[in-house]
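Let me begin by presenting the structure, written as structure tokens, before commenting on it.
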Amino acid sequence: MSTAGRASLGTPPSAGGLMARSPSWPITALLVGYPLWWALGIADFMWIILAVPMTARMLAWRIHGRRALRVPGGFGIWLLFLICAVAGAAVLGLTAPGTVPSPVSDRVLSYTNRTGTYIGVTILLLYAGNLTESELPRRRLAWMLGLVAIYTTIGGVAGMLMPRLQFTSPLGLLLPHSAQSNPLVQAATRPSLAQVQNVLGSAKGRPKAPFDYTNAWGNCLTILLPWLIAGWWYAGTRRQRLITASIIVIAWVPLLYSLNRGAWAGAGLSVAFLALWLAAKRRRVLIGAVCVGLALAGIVVLATPLLGIVTARIAHAQKGDELRASLSALAVTDALASPVIGYGDTRKRRGGEKSIAVGPTPKCPICGHQEVGSTGQLWLLLVANGILGTVLYLGFFAVGIWRYRHDGTPYGIAGVLVLVLSFLYMFSYDALPAPLGFTMLAYALLWRSDMHRRQRTPPQAAGRTGAPRILGAGRL
């Protein structure tokens, strides 16, 4: 490439090294190497670690004046949310209503990790959106997200076959014992293929690899499969389409076996979303293919033990729902007590769902004192960031859905679906770290697809169809 060509891409002629030759390497390393980071015990922290070289690269673009940094529509709303999240450090020492006092030191680690992840995925969004089509083609990014969907499916099958397989990661071997006692650190540094839980009256392994929890696994599977279709089916070879079809069929088995009712609802919403879009576009052949696929899935469920698993999960749901409802109600109470910036972090409820006298005992140290904000991203936001922070967080993704709703490309359909799923999952699943990271990459693909469309649209037409300035994309 010529000197002028490199300059047009934002690369100084004298620059060397990996970042100059392949600016997209942090995103490639994050996605392609995800199972490795999980096995090393650092997958949850890669969103923060890889934000460092991405930040350095964007600063170089800015300092050298080689590239104007753009921001997506609604980014100002997200910046206000980040301000609320950072300001939460000032209230970590406060005790929320209905919760027990605890040392600030117990909350600093989770607050720092959570806020760092919010900042890390923000940098990921900006970096992925500012890379050019030659540096990181949208097709390649969608392909890599689809690859993680394949990893997730394989991990789910492995979790079914070997539910008790676990090991200590290299990071876990290096950390002192006192650090490993933290639940967040322990979950990351003790990888396992499944969570063994007593959900249906007996111990059962629920797939979760390559993530820390089975809920995160179900969440990520359903928001990654659309990219498998967009990146591997629409623009793929015959072999890639065969892999895509096989993975989608196989994924249903661990998805049902995981007992994740929220993910089941998400899968149903995804199918309905796709069917409605195809109906609007009058794609009768594809609608027929979807119906055939659903019929085959129904036959598999009815003809195998999966039907019994589904019905048993529904029958045993009442106790868990009562616990979630009581914690959710307390999250609302706490948000009303500190509506602007919340309490910075989660809190532990005083007692249990039936009595404030319930608490930990020597024989049952985890009894009582359940964590308020642990039952879904919405409730986490209300406790940690207050009503204002919650509105700002959700407002950013709502703007994305509205702004890119007319994008009929594979990237637009998959991206909008992922953002819609984030609103469904906020009631039952936490979004940090991986689900939010993948959602931000979906936002970046929508943003870049929109920029590509606008570049091919006459200025007069773009001006007529553009969003209001306050919500529009801009530059830094």
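The values are calculated or read from the model by the stated rules, or taken from the named source; none is laboratory data. What you see is a predicted model; the values in this text were computed from it and never measured. Counting neighbours? That spans all protein chains shown, and the Cβs are built from the backbone with ideal geometry, glycine included.
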Unmet requirement for A179, which otherwise passes all of (1) in contact (Cβ under 8 Å) with a residue 24 or more places away in the chain; (2) surrounded by fewer than 24 Cβ atoms within 10 Å (Cβ to Cβ); (3) in a helix (DSSP H, G or I): (1)
State which residue pairs qualify: first residue modelled with pLDDT under 90 and part of a helix (DSSP H, G or I) and inside the stretch 321-349, second residue buried (at least 20 other Cβ atoms within 10 Å of the Cβ) and basic (K, R) in any location, beta carbons under 6 Å apart, and separation of 6 or more residues or different chains. none
The condition of being of a type outside the set (F, W, Y), at pLDDT 80 or above, closer than 16 Å to T153 by Cβ and more than 15 Å from the chain's Cα centre (by Cα) holds, among A194, A188, A216, only for A194
I need the full set of residues from the stretch 25-36 which are touching a residue at least 12 places away in the same chain (Cβ under 8 Å) and either closer than 20 Å to I150 by Cβ or under 17 Å from the mean Cα position of the chain (by Cα) (or both), in order please. I27, T28, A29, L30, L31, V32, Y34, P35
Only residues in the stretch 69-87 that are closer than 21 Å to L59 by Cβ count as the first member; pair them with residues that are surrounded by 16 or more Cβ atoms within 10 Å (Cβ to Cβ) and polar (S, T, N, Q), Cβ under 6 angstrom, at least 6 apart or cross-chain, and list the lot. L69/N130; R70/N130
Condition set more than 24 Å from K348 (Cβ to Cβ) and out of contact with any Gly (no Cβ under 9 Å at 6 or more places or on another chain), scope the stretch 197-211, selection modelled with the highest pLDDT: answer is K204
The stretch 62-79, residues that are crowded, with 19+ Cβ neighbours inside 10 Å and of a type outside the set (A, V, I, L, M): R67, P72, G73, G74, F75, W78
Please specify each residue of the stretch 228-258 satisfying the condition of being surrounded by fewer than 23 Cβ atoms within 10 Å (Cβ to Cβ) and either among the small types (G, A, S) or at positive phi (or both). A235, G236, A245, S246
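Yes/no matrix, rows are residues, columns are (1) in contact (Cβ under 8 Å) with a residue 60 or more places away in the chain; (2) surrounded by fewer than 17 Cβ atoms within 10 Å (Cβ to Cβ):
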{"position": "P170", "(1), (2)": "yes, yes"}
{"position": "L184", "(1), (2)": "yes, yes"}
{"position": "R206", "(1), (2)": "no, no"}
{"position": "N215", "(1), (2)": "yes, no"}
Can you find a residue in the stretch 375-384 that is small (G, A, S), assigned to a loop (DSSP other than H, G, I, E, B) and either at pLDDT below 85 or closer than 19 Å to D106 by Cβ (or both)? no
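This table checks each residue for (1) at pLDDT below 95; (2) closer than 27 Å to Y393 by Cβ.
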{"residue": "M19", "(1), (2)": "yes, no"}
{"residue": "A51", "(1), (2)": "no, yes"}
{"residue": "M58", "(1), (2)": "yes, yes"}
{"residue": "W61", "(1), (2)": "yes, no"}
{"residue": "I83", "(1), (2)": "no, yes"}
Could you check the stretch 50-68 and list, in sequence order, the residues that are in contact (Cβ under 8 Å) with a residue 40 or more places away in the chain, more than 21 Å from L446 (Cα to Cα) and of a type outside the set (S, T, Y)? L50, R57, A60, W61, R62, H64, R66
